[in-house]
Each structure stands twice: as C-alpha cells, then as structure tokens.
Amino acid sequence: MRIRLAILAVALALAACQKAPEPAVSPPASAPAAPAPPVAAPIPAPPADTIAAYKLLVARQIVAANPDNTFDGPLPAMMPAIVVLDISIDRDGKLKKVRVHRSRDSEASTAALAAVRRVEEPFPPTAQLMRKRDRTLDFSETFLFNERYQFQLRTLSGPQ
C-alpha cells in the first residue's frame, strides 16, 4: 500500500511539473498587420574617462571594420608577426596619424596600418582625455598575428 501511495505521489508531482498546452489563438483574418517598429539609430559609445577605456572603444572599431582579417580564441604559441602602431586621434575623433612603432614583418605592418585606416567612421572624441594645449591623443596598439596573417588586438585579447 505504501509503495502505491509513493508511486501516486511521484506521478502527481511529475504531472504538476508539466506545462499545460496553450490554446492556439490565431488573429482574426481581417485584422491589419501591426506596423513594424522603427529601426533605432545606433547608440553612440559613452565617452571614455580613461585612456584604457578609450583604447577599448578604438580597438572594437578596428575589429568591427576588419571582420575577415581578425581571429578569436587563444593566441598561437608562436606568433609569426607582432606589430606595434602609434595612433594619433584629434579632439573630434579624426585619425590624424598612424605609424609603425615596431615590427619585423613588412607584410604584417602593411596589414595593421590598413586595418586602422579601414575604419570609416570617426573614432570617439578625445577631448575629455586631453589637456587644453594638446592637439591629439597619442597611444599605441599591438597587433598580434596568427599564421594566416589574421590579427587580434592586444587591448581585446585579454590574459592568455
């Protein structure tokens, strides 16, 4: 008798866990289609209050402009090329100068320079990070290349 009660209790508990089927409701045939919601304009990135935060925004723009030239995941144990670029951006977010700071591979250097120049929209404004007399915000970004000459940016790669 106890076993039957236990089985009945388990069966009732399982039945209580199941979701009852919802009745099918179809809209009336004469109901007009709801208008599509308006497409929202992209939300601008919040202003960065540190150079590290600013570099993160810039790195994301570079990667977004180069989806076929980047890779995700862990870095290879032996990278065929590492390129360090010096980047200068004015108060309004316009790229003023980009140059190779360090590289041993001209093909990778060319790819890194092209990746930065491929960003079509202006970078975020830099004024909040600059002193009044400065004309540009200057920083470095490191491009880490794999064997297929795709890159990750050091700012985005995180600890390995």
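Per the conditions (1) modelled with pLDDT under 90; (2) open to solvent by less than 60 Å² (accessible area, probe 1.4 Å); (3) in a loop (DSSP other than H, G, I, E, B), the sole criterion not satisfied by Ala11 is (3). For segment 72-90, residues that are closer than 13 Å to Ala111 by Cβ and surrounded by fewer than 16 Cβ atoms within 10 Å (Cβ to Cβ) total 1.
With respect to the stated conditions, Val63 is modelled with pLDDT of 95 or more, out of contact with any helix residue (DSSP H, G or I) (no Cβ under 6 Å at 6 or more places or on another chain) and outside any strand (DSSP E or B).
The set of residues from segment 133-152 being charged (D, E, K, R), closer than 16 Å to Thr110 by Cβ and in contact with a strand residue (DSSP E or B) (Cβ under 7 Å, 6 or more places away or on another chain) comprises just one member, Glu141. Considering only residues in segment 103-151 that are open to solvent by 20 Å² or more (accessible area, probe 1.4 Å) and polar (S, T, N, Q), the one that is farthest from Ile82 (Cα to Cα) turns out to be Gln128.
The values are calculated or read from the model by the stated rules, or taken from the named source; none is laboratory data. Here the structure is a predicted model, which means the values were calculated and not measured. As a convention, Cβ positions derive from the backbone with ideal geometry for all residues, glycine included, and neighbour counts pool all protein chains shown. The area values use the complete protein model at the heavy-atom level, side chains included, leaving out ligands, DNA and RNA. Shrake-Rupley method; radii C 1.70, N 1.55, O 1.52, S 1.80 Å.
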